[in-house]
Amino acid sequence: MEKDIHHTLYPTIKVEKVNFVIMLKKLVIGAVFPLGILILWESLSRIGVFESYQLPAPTAVALKGIDLFQSGMLVPHIMATILRVFMGFLLGTSVAVFISILVGFWPLLEKLIDPTIQALRQIPSLAWVPLFILWMGIGESSKITMIAVGVFFPVYLNLLSGIVSVDRKWLEVGQIFGLSKRYQITKIILPAILPAFFTGIRTGLGLGFMFVVASELMGASEGLGYLLILGQNTLQPDTILVSIILFAVIGKFTDGTLKSLETKLLHWQDTLERGQSK
Amino acid sequence: MTLTLENVSRSFQTVTAIKQINLTIKKGEVICLLGKSGCGKSTLLRTLSGLDQEYSGKIYFEGTPLTGVREEIGFIFQEPRLLPWLNVIDNIQFGLKQNDEQTSQRVHRFIQYVGLKGKEYIYPKALSGGMSQRAAIARALVCDPEVLLLDEPFSALDHFTKLELQDLLLKIQAKYKTTMVMVTHDIDEALYLADRIVVLSSQPGTIQQIVEVTQPRPRTRTSDGLKGLKEKILKTLHVE
Ligand SMILES: Nc1ncnc2c1ncn2[C@@H]1O[C@H](COP(=O)(O)OP(=O)(O)OP(=O)(O)O)[C@@H](O)[C@H]1O
Ligand SMILES: [Mg+2]
């Protein structure tokens, strides 16, 4: 009991301090390995073990990046890719939210629609690419549609399982207090499915990036995926590596944003170190 | 408010949980349901609350048939069931419809009653079991129910907290004349709180005995009169 009171009186200060130290430690430990690799890579490149037309040194890649940036080419490519992911993500998420709500709340619709979606899910989403290109050409719409398809499934599946597994115990609390349908939804159901929703959109965003690469590889005149192809066709591995690194950075950043939003909104969750494993 | 049960039975697929229950609960009365684990106490309480309507027989609330959950009937579950995304104060005012100054004062008064002052903005994950149950009790009481149904509200608590909260219930009951139906398997608790103790038999649950406790409150937990009743109840429970 005493321990409990102590804990509730000073929770934030203590936790934050501890978190900071732990984070710093993790950062340092986590950096050792990639730094070692970089140094090894750089040295091996310098003494000529890797041929520069196959694997340029890290410094060469960095220089190429700066070069591309200064030429003014890089930012438009980055923006093009981000915009596509964003649009596809928005489209895929909206459709998934809409359908999973319909299916989750009306059992008849679940019986009607869910088996079809479960079957469609078995098709590797990339298999749709040729069809979309045939229908919509290689313009923006086919790319965004593809990304949306990739985003749709994880969001739909997670949200639906969240909706159908809202604990009856909480719904009964709402019932006992005579909550109106509207309050049942806003005060119980929505908060209860929020964790599943976040799991869905974070997975969805990851797939969105996978699909933007695929769609840009199929044919594009701008975007980071286009840079990959450009590097391949002009025999410039440094350009390819710049693009790959940018994908990593952007992906990490956007997921980090979602993750911090999640931590903020779901602070009430009683789980150990949220999202550590993801 | 009078609650009347006429031939109430409830069966699940394979078991008859309660069978042919006839009971009239008077306004302001404190009833304790006593019986072995699995004898149908929770089932009976759920039918009374309106949450479970798959029973046969009739239940009347003030003479009108009970057709579902009613605002006048409060329920305290066997476990706290606080909503994890709401802090203590939001959980406690969860069932309140108004949002004026008077209501807010009332909320704070009940927070004080259950001893959660200073804990208003803590989330359930940081509450101890006892604190959670106090919050759940305040959440039900603050709505000023005419009938309060309690399903083993104290069974997960330590002895001292339990005694304290029993006295709190009696205080509230004396003040608001709330009708209470409480499930328990603690004979001492039943003897301390109840006007009548309804002893249920197991499988199927039927009323085996109704014991009136006439001793006036406040009762002492160790009085000789209660001891006699305790032996009587123990005997009943052992016979089966
Ligand atoms: N939802 C259900 N589905 C099937 N059987 C049930 C259900 N709820 C209760 N039962 C059965 O009904 C009987 C009575 O259960 P109940 O929960 O009312 O017992 P109880 O007296 O409250 O026990 P305890 O003291 O352990 O809480 C048990 O045999 C139980 O298995
Ligand atoms: Mg029970």
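The values are calculated or read from the model by the stated rules, or taken from the named source; none is laboratory data. Because the structure is predicted, anything quoted here is derived from the model rather than measured. Neighbour counts are summed over all protein chains in view; Cβ atoms, including those assigned to glycine, are modelled from backbone coordinates with ideal geometry. Protein only, heavy atoms only, side chains kept; ligands, DNA and RNA dropped before computing areas. Shrake-Rupley method; radii C 1.70, N 1.55, O 1.52, S 1.80 Å.
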Residue count, the range B:131-160 (criterion: of a type in the set (Asp, Glu) and within 16 Å of ligand 1 (Cβ to nearest atom)):
2
In the range B:41-57, what count of residues is obtained for those that are small (Gly, Ala, Ser) and open to solvent by 10 Å² or more (accessible area, probe 1.4 Å)?
3
Of the listed residues (B:Leu157, B:Leu168), the one being within 16 Å of ligand 2 (Cβ to nearest atom) and open to solvent by less than 70 Å² (accessible area, probe 1.4 Å) is B:Leu157
Looking at A:Ser45 and the list (1) open to solvent by 60 Å² or more (accessible area, probe 1.4 Å); (2) closer than 16 Å to A:Ile240 by Cβ; (3) not assigned by TED's automatic domain parsing to the domain that holds A:Ile250, which single condition is not satisfied?
(1)
Do you know which of the residues in the range B:174-189 that are buried (at least 19 other Cβ atoms within 10 Å of the Cβ) and away from ligand 2 (no atom under 15 Å from the Cβ) is farthest from the chain's Cα centre (by Cα)?
B:Ile187
Here is a list: B:Glu146, B:Glu189, B:Glu152. Which entry is among the charged types (D, E, K, R), in contact with a helix residue (DSSP H, G or I) (Cβ under 9 Å, 6 or more places away or on another chain) and within 14 Å of another protein chain (Cβ to nearest Cβ)?
B:Glu146
For A:Ile163, state whether it is open to solvent by less than 20 Å² (accessible area, probe 1.4 Å) and within 14 Å of chain B (Cβ to nearest Cβ).
no
So how many residues does the range B:94-128 have that are in contact with a helix residue (DSSP H, G or I) (Cβ under 9 Å, 6 or more places away or on another chain) and part of a helix (DSSP H, G or I)?
7
Hits in the range B:190-202 (condition: within 16 Å of ligand 1 (Cβ to nearest atom) and crowded, with 17+ Cβ neighbours inside 10 Å)
B:Ala190, B:Ile197, B:Val198, B:Val199, B:Leu200, B:Ser201
Which members of the range B:128-167 meet the condition of being under 11 Å from the mean Cα position of the chain (by Cα) and of a type in the set (Val, Ile, Thr)?
B:Ile137, B:Val147
Over the range B:1-54, the set of residues more than 15 Å from the chain's Cα centre (by Cα), in a loop (DSSP other than H, G, I, E, B), more than 14 Å from chain A (Cβ to nearest Cβ) and within 16 Å of ligand 1 (Cβ to nearest atom) is B:Phe12, B:Gln13, B:Thr14, B:Val15, B:Lys36, B:Ser37, B:Gly38, B:Cys39, B:Glu54
When you go through (1) in a helix (DSSP H, G or I); (2) more than 16 Å from ligand 1 (Cβ to nearest atom); (3) surrounded by 17 or more Cβ atoms within 10 Å (Cβ to Cβ) one by one for B:Leu163, which number turns out not to apply?
(3)
Looking at the range B:203-221 only, could you name the residues that are open to solvent by less than 40 Å² (accessible area, probe 1.4 Å) and within 15 Å of ligand 1 (Cβ to nearest atom)?
B:Gly205
Quick one: B:Pro80 ticks every box in (1) in contact (Cβ under 8 Å) with a residue 60 or more places away in the chain; (2) within 11 Å of chain A (Cβ to nearest Cβ); (3) assigned to a loop (DSSP other than H, G, I, E, B); (4) surrounded by 16 or more Cβ atoms within 10 Å (Cβ to Cβ) bar one, so which box is it?
(1)
By residue number, the members of the range B:29-40 that are more than 10 Å from ligand 2 (Cβ to nearest atom) and open to solvent by 10 Å² or more (accessible area, probe 1.4 Å) are B:Glu29, B:Lys36
Out of all the residues in the range B:117-124, is one or more in contact (Cβ under 8 Å) with a residue 40 or more places away in the chain and under 27 Å from B:Gln98 (Cα atoms)?
yes
One residue is enough: does the range B:97-107 have a residue meeting the conditions open to solvent by less than 40 Å² (accessible area, probe 1.4 Å) and without any contact (Cβ under 8 Å) to a residue 24 or more places away in the chain?
yes
